[in-house]
1. Under 22 Å from residue 211 (Cβ atoms), assigned to a loop (DSSP other than H, G, I, E, B) and touching a strand residue (DSSP E or B) at 6+ places or on another chain (Cβ under 8 Å) - does that describe any residue in the range 68-79?
2. Which condition from (1) on the phi > 0 side of the Ramachandran plot; (2) surrounded by fewer than 23 Cβ atoms within 10 Å (Cβ to Cβ) is the one that residue 113 breaks?
3. Between residues in the range 187-203 that are more than 12 Å from residue 161 (Cα to Cα) and residues that are part of a loop (DSSP other than H, G, I, E, B) and modelled with pLDDT of 95 or more, which pairs lie under 8 Å by C-beta distance while being six or more apart or on different chains?
4. Within the bounds of the range 43-50, is there any residue that is modelled with pLDDT of 95 or more and either under 17 Å from residue 143 (Cα atoms) or part of a strand (DSSP E or B) (or both)?
5. Right, residue 13: at pLDDT below 95 and either surrounded by 14 or more Cβ atoms within 10 Å (Cβ to Cβ) or outside any helix (DSSP H, G or I) (or both) or not?
6. Looking for something part of a helix (DSSP H, G or I), closer than 24 Å to residue 96 by Cβ and touching a residue at least 24 places away in the same chain (Cβ under 8 Å) - is there at least one such residue anywhere in the range 33-41?
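The values are calculated or read from the model by the stated rules, or taken from the named source; none is laboratory data. These figures come from a predicted structure and were not determined experimentally. Quick reminder, even Gly has a Cβ in these numbers, built from the backbone with ideal geometry, and neighbours come from all protein chains shown.
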């Protein structure tokens, strides 16, 4: 169903988005991310990440796309107090900002491992089955490759999640054929067709696709 301006569907989605409020630390990190071109996920999607991490009692989480720390902070707040976030980003400056964000929120350096580099170079070095959750918010056209790595990294019962999967309405519009939109549609087909995964598409923020690893 397509929402028209001021329609009940649009109003409902706006209400759901506004239900989750960011504190001053998240708001500041969001502003930095937007200034640096590392646009963060929206609050409702962040709250969903926090919820998922809490629900599975996550101790070890991988994040692809550190940005300035918005999604990482949502994840850390949902993880166990002894958990570690491993976050990968190609921009060391973004990670410097993220480290500041995490420190402001009271998380010590021992709670995160920030790795500067291309995700597809870093992920193969991480341990098979060693992680509870993988969140992907990096290069859209690499999402299919991230999925393959995530399934390897996750324990059974772990969750992989992808941000911005609705791509500002483009994915649902059959007239759109840009490379990012095509990559996101292919991701959806890959997740749906993988018998090892049980997926859920959530229309939160710009779309959050999550899947539990069954086997």
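1. Looking through the range 68-79, at least one residue is under 22 Å from residue 211 (Cβ atoms), assigned to a loop (DSSP other than H, G, I, E, B) and touching a strand residue (DSSP E or B) at 6+ places or on another chain (Cβ under 8 Å).
2. (1)
3. 195/214; 196/214; 203/166
4. No; the residues of the range 43-50 include none that is modelled with pLDDT of 95 or more and either under 17 Å from residue 143 (Cα atoms) or part of a strand (DSSP E or B) (or both).
5. On the way: at pLDDT below 95: yes; either surrounded by 14 or more Cβ atoms within 10 Å (Cβ to Cβ) or outside any helix (DSSP H, G or I) (or both): yes.
So residue 13 fits the description; yes.
6. Of the range 33-41, the ones part of a helix (DSSP H, G or I) are 33-36.
Filter once more, keeping what is closer than 24 Å to residue 96 by Cβ: 33-36.
Restricting the remaining residues to those that are touching a residue at least 24 places away in the same chain (Cβ under 8 Å) gives 33, 36.
Scanning the range 33-41, I find at least one residue that is part of a helix (DSSP H, G or I), closer than 24 Å to residue 96 by Cβ and touching a residue at least 24 places away in the same chain (Cβ under 8 Å), so the answer is yes.
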